[in-house]
Amino acid sequence: MATVGRAVGVAPRPGFIEYLWSWVTTVDHKRIGILYGLTTTAFLLVGGLEALLIRIQLAHPESKFLDPNTYNQIFTMHGLTMIFLVVMGYNATFFNLVVPLQLGARDVAFPRLNAFSYWVFLFGALLLNLGWLWGQAPGVGWFGYANLTSVEYTPDLGTDFYVMGLQVLGISSIASALNFLVTIINLRAPGMSMFKMPVFSWMTLVVSVLVITAFPPFTVGLIEVMFDRLFGTNFFNPAAGANPLLWQHLFWIFGHPEVYILVLPAMGIVSEVIPVFARKPLFGYPFVVFSGIFIGFLGWGVWAHHMFAVGLGPIANTVFGITTMLIAVPTGVKIFNWLATLWGGQIQVKTPLLFAALGFIAPFIIGGVTGVMHATVPSDYQQTDTYFVVAHFHYVIMPIVAAFFAGIYYWWPKYTGRLLDEGLGKLHFWLFFVGTNLTFGAQVVLGFLGMPRRNYTYPAGLGWEPWNLLSSIGAFLIALSVLVFIVNALKSLRSGEPAGPDPWDGRTLEWLTPSPVPVYNFAEIPVVRYRDELWARKYGPHGERAAAAARPNPDPNPGREEVHVHLPRPSYYPAVAALGIALGFFGGVMLRPAEVGGLGPLGWVLVGLGALITLAGLYGWAFEPAD
Amino acid sequence: MAAAAVGAAGCSPADPLNWLIASGDAAEQVRQLTVLVMVLGALVFVAVEGLLIYALLRFRRPAPADQLPPQVHGHTRLEVAWTMVPVLILVVIAVPTVRTVFALATPPDANPLRVEVIGHQWWWEFRYPDIVPGKTITTANELRIPVGRTVLASVTSADVIHSFWVPRLTGTIDVIPGKQVNRVWFNAWEPGEYYGWCKEFCGTQHAQMRFRVVAMPPAEFDRWVQARLTPPAVPASGQARQGYELFGQLGCSACHTIDGTPYQGKVGPNLTNIGERSTVGAGLLPNDPDGQNLARWIKDPQALKPGVKMPTLGLSDAQVGAIVAYLKSLK
């Protein structure tokens, strides 16, 4: 050992601190994507643990495992975590990792704003969860219906963490959506017209528009609740003449587009994975794109289907029932086009395809059929707030999670340079698949048996016991599948098979770059002539070069060392500004009186400090040199 | 699997919240519509899953380097077909849906039995306004109705949003504080006890805000109404008399009303007919004839229903026994 000398004459290896600092100051979309991915996976474990606690409590009737308030906090935080931190987090992960590469761009339009979005997301997520330290996490449901959210009925800090944490997360989502909107419109490679753009990027565009338009009404509602709680206004106080249903309208006109914000990127991933593993182009590309746009558009006209039982009257209920049924049409179009893509292909049954076809499409059909049952308004009068609803939306969201796993197995080699193990991947898939259907299949039955949701306990003798036990067993299978995935990921990082630039025989531009992707993405920006540009370069635009087995594996960066690409410099100002925002909103929570754990008027000190730090961050950012 | 399981469970009398079993006209209309949609949904499910699994098995094959599958980009007529077929299926669902929405919006009887439902954290108040001119009956957690008669419930809340649901009789209607009064109608075909449950998350004890609807033969219902119009007698002696006095001395009367006594608290449930109700604690425990559950409840409500507004007063067994004897006499 002693004979091994120290390397001399090369640049000094950066220390651990410098390495960490490089992640704090990074403005590289790939590194930001990895930060999002790590944060989101951590919260997946948190939200999953919350799910397991729920299922332990409900495995048996009259369980004393959790007290009612703890249970209410856990089911609330499970929903908030999974929706705002996990699904939205993975969306941001994939937008960052994939979209610039698919477009043939070097980065997003505003790299520092992108870093800012991530740091606001991280700090907002922590703020939302901070209430656990007081034993007062939000406990009003992810929907936080007024007037339960008034200080009279929830005097604890939980609702304040809800109101403040979600405002912070909204800032992150909107900043990120603006960034991707501008990126997709302006930074596409030369020749990539909108209808040559990959479907995942298309869905990112639709989702960005939805985020920009859906979050403001929600933010308005949150600000109103904040004013009611902190400053004694009466937006939702029935005693002062308000109708608390106002909140439900504001919430669901955000909340239903939010459902499509969650699902459209997953549909985009499926639309990327299926053609590659069927070795055929996506069937009916314009129909898949337009049905995605149409779903986003219809998403605006269906919010009151969450409110069929609030007494809007038969005319409103009829209208919203029919618009909701219409959503089934473009959704069906997508499913049939995926089936037609598989039809007649050379299907390669690899883990990404399993997750996309059997993990997404198969259970999503159940989510769709049960969705139409909810659109049948009178049936919804019975089904609403039973486990039938819980089963329905988990049959939408678990397919979304499956699509994320499809995306992870598919794109992982691009960013790590190594493949994930196929054997562990298939084990992961089948555990996930069986676990999901056991958990939520049992909940379909519980729905018919009339078990209401958001109940911390239930009596014996109503026929619910066996189904609850099955559902809980399924939840542990899902947890096990996630553990298998983590083992797979660690194994791949240590000793995974090297992937090469194009391990799946891909079709889109990201597979043109080396794996892992160099910081500048493309040494030379590609010129696009075809929808499946890389495929056309390999096989000819109509596959005519296949017979000659002419498969050049294009390395776009011969002589990588000589590439000199101008890239924006790292900056810590976005992280500073983000920290200030979260601190200021935390000060807002602390404005609550000392009896409930706040600081009272002293909270203004924190608000002011947060504002100052934000301003300092923005000032430094604004006056940084452009390069 | 799921449908078969529900079918099997449907035969069991042990699932009083199974809404696929109707015990009244309103629930029956919903049930018929739901069965139609379930059948169509099952057909769509089998067809599409079948296509998916067939495609995955049939076209699972090696990918020779020199041979690609036909690079098909689309087919317009197919697109039209799989757009229009779902539209037609939806029309088949939408027409009866709209018809049922409107049918459920108006009570089928011009002179229904009117009741008022008031949700409280975490119990139910039921009132029969002007059931005989000028007289109103107030009760709690148990709504008695005559078999066959249409009941029109006007629902409001005293605090936060709740939701009124008696699955065997009617779907959900939200219970909203403030000016909005929602209405829902239902009837019961047969005498019996039907389970009701708060469905909208309303705070700590949302899970245990239950009630019963008791359908009685009309003559029996009329006798019950007449009995309710006369307050129960104040016990003159014995343990029940002791309980009557303790009810005032210990402060129970600050929250509870008992008709025909000075006890007129309005915060908690009216207890005038607690002796005949089938449950204790808003559907929590059976109101057994010996009063054991009632005694457990009065002794320590916070242990049975943590967070309930009724405090655990630390009463002695003798005090509890006396109060139970008094309350059990209230029929």
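Where a number appears in this text, it was derived from the coordinates with a stated rule and is not lab data. Here the structure is a predicted model, which is why all the values come from computation and not from measurement. Please note: Cβ atoms are built from the backbone with ideal geometry, for glycine as well, and neighbour counts cover all protein chains shown.
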Tail beyond 19 Å, pair distance distribution of region A:352-454 (Cα, percent): 47
Sites A:Trp134 and B:Asp66 - FRET efficiency at Förster radius 51 Å, r taken between beta-carbons, to 0.05: 0.15
Derived scalar couplings ³J(HN,Hα) [region B:299-304; Karplus, 6.51 cos²θ - 1.76 cosθ + 1.60; whole Hz; x for Gly, Pro]: 4, 8, x, 5, 6, 7
Net charge dipole size for region A:337-435 [Lys, Arg +1 and Asp, Glu -1 on Cβ; Debye, nearest 20]: 380
Ratio Rg/Rh [Cα only; Rh per Kirkwood] for region A:238-341: 1.14
Distance from region B:111-127 to region A:384-457 (C-alpha centre basis), Å: 41
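Averaged over its residues, how many other protein chain Cβ atoms are within 10 Å of peptide A:347-358's Cβ atoms?
On the way: counts 9, 4, 4, 0, 0, 0, 2, 1, 0, 0, 4, 4.
Across A:347-358, the average partner-chain Cβ count within 10 Å equals 2.
Percent of Cα-Cα pairs more than 26 Å apart in chain B, please.
Numbers: 31764 of 54615 pairs.
Percentage above 26 Å: 58.
Using a Förster distance of 22 angstrom, determine the FRET efficiency expected from the C-beta separation of A:Ile293 and A:Ala316, and round it to 0.05.
Efficiency at R0 = 22 Å is approximately 0.30.
Taking every pair of Cα atoms in region A:82-178, average 1/r, invert it to obtain the Kirkwood radius, and report Rg/Rh to two decimals.
Working: Rg = 16.1 Å, Rh = 14.7 Å.
My calculation of the ratio gives 1.10.
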Debye-sum result for region B:238-328 in log10 I(q)/I(0), which assumes one identical scatterer on each alpha carbon, at q = 0.13, 0.19 Å⁻¹: -0.37, -0.85
Normalised alpha carbon radius of gyration of region B:27-105 [divisor 2.2 N^0.38 Å]: 1.69
Among A:Leu609, B:Thr279, A:Asn234 - extreme Cα towards positive end, dipole of the protein assembly as shown, charges at beta-carbon: A:Leu609
With 10 Å bins from 0: P(r) over region A:16-554, alpha-carbon pairs, percent: 4, 18, 29, 28, 15, 6, 1, 0
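Peptides A:203-210, A:31-38, B:91-98: what's the order by average Cβ count within 10 Å, highest mean first? Write out the running numbers ahead of the final one.
Working: A:203-210: 24.9, A:31-38: 21.2, B:91-98: 17.1.
In descending order of packing, they fall as A:203-210, A:31-38, B:91-98.
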Residue-averaged 222 nm ellipticity for the protein assembly as shown, from DSSP H runs of 4+ at -39500 (n - 2.57), nearest 500: -18000 deg cm²/dmol
Cβ-placed point charges (K, R +1; D, E -1), dipole of chain B about Cα centre in debye, nearest 20: 200
10 Å Cβ neighbours from other chains, averaged over peptide A:381-389: 6
Listed pairs B:Lys135/B:Lys199; A:Lys350/A:Lys491; B:Lys305/B:Lys331 exceeding 22 Å between Cα atoms: B:Lys135/B:Lys199; B:Lys305/B:Lys331
Karplus (6.51, -1.76, 1.60) ³J(HN,Hα), θ = phi - 60°, over region B:279-287, in Hz, Gly and Pro reported as x: 9, 10, x, 6, x, 7, 10, x, 8
B:Glu245-B:Trp189 pseudo-label distance in nm [points 7 Å out on the Cα-to-Cβ vector]: 5.4
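FRET efficiency for A:Leu483 and B:Asp222, Cβ-Cβ distance as r, R0 = 60 Å, nearest 0.05?
Details: r = 65 Å, r/R0 = 1.08.
So, using R0 = 60 Å, E works out to roughly 0.40.
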Histogram of C-alpha separations across region B:11-168, 5 Å bin width, %: 2, 6, 10, 12, 13, 11, 9, 7, 6, 6, 5, 4, 3, 3, 2, 1, 0, 0, 0
Of B:Val92, B:His256, B:Val72, farthest towards positive along the dipole that unit charges on Lys, Arg, Asp, Glu beta carbons give chain B: B:Val72
Packing-based order for A:535-541, B:321-327, using average beta carbon neighbours within 10 Å, highest first: B:321-327, A:535-541
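What is the packing order of peptides B:226-233, A:266-273, taking the mean over residues of other C-beta atoms within 10 Å and listing the highest first? Spell out each step's value before the answer.
Numbers: B:226-233: 13.0, A:266-273: 29.2.
Result, highest mean Cβ count within 10 Å first: A:266-273, B:226-233.
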Peptide B:204-215, shielding by other chains (average Cβ, 10 Å cutoff): 4
Semi-axis lengths (Å, descending) of the ellipsoid that matches the C-alpha gyration tensor of the protein assembly as shown: 56, 33, 23
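Remind me, what semi-axes does region B:113-229 give for its equivalent ellipsoid, largest first in whole Å, using sqrt of 5 times each Cα gyration tensor eigenvalue? Present the calculation step by step, with values, prior to reporting the outcome.
Details: eigenvalues 105, 49, 30 Å².
Equivalent ellipsoid of region B:113-229: 23, 16, 12 Å, largest first.
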Cross-link reach list, lysines versus A:Lys30, counting only Cα pairs under 20 Å and skipping chain neighbours closer than eight places: A:Lys414
B:Trp124 long-range amide H proximity, modeled H, under 5 Å: B:Asn141
Label-point separation in nm, A:Leu20 to A:Thr70, each point 7 Å along Cα→Cβ: 3.3
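Stretch B:Glu116-B:Thr312 to full length: gain in nm at 0.36 nm per residue minus the Cα-Cα span? Intermediate values should be presented prior to the final figure.
Numbers: separation 196, 0.36 × 196 = 70.56 nm, distance 2.99 nm.
Here the segment from B:Glu116 to B:Thr312 would lengthen by 67.6 nm.
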Inter-label distance, nm, simple model (7 Å from Cα along the C-beta direction), B:Val85/B:Val35: 2.7
Integer Hz, Karplus 6.51/-1.76/1.60 couplings in order for region A:440-451, x for Gly and Pro: 8, x, 4, 6, 4, 5, 4, x, 5, 7, x, 6
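Please work out how much length the chain gains when fully extended from A:Asn234 to A:Lys426, using 0.36 nm per residue of separation minus the C-alpha to C-alpha distance, in nm with one decimal. All intermediate terms of the calculation are to be shown ahead of the outcome.
Values: separation 192, 0.36 × 192 = 69.12 nm, distance 5.47 nm.
My answer for the length gained is 63.7 nm.
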Equivalent ellipsoid, region B:110-150 (semi-axes from 5 times Cα gyration tensor eigenvalues, Å): 19, 13, 8
Cα-centred dipole magnitude for region A:168-281, charges only on beta-carbon of K, R (+1) and D, E (-1), debye, nearest 20: 520
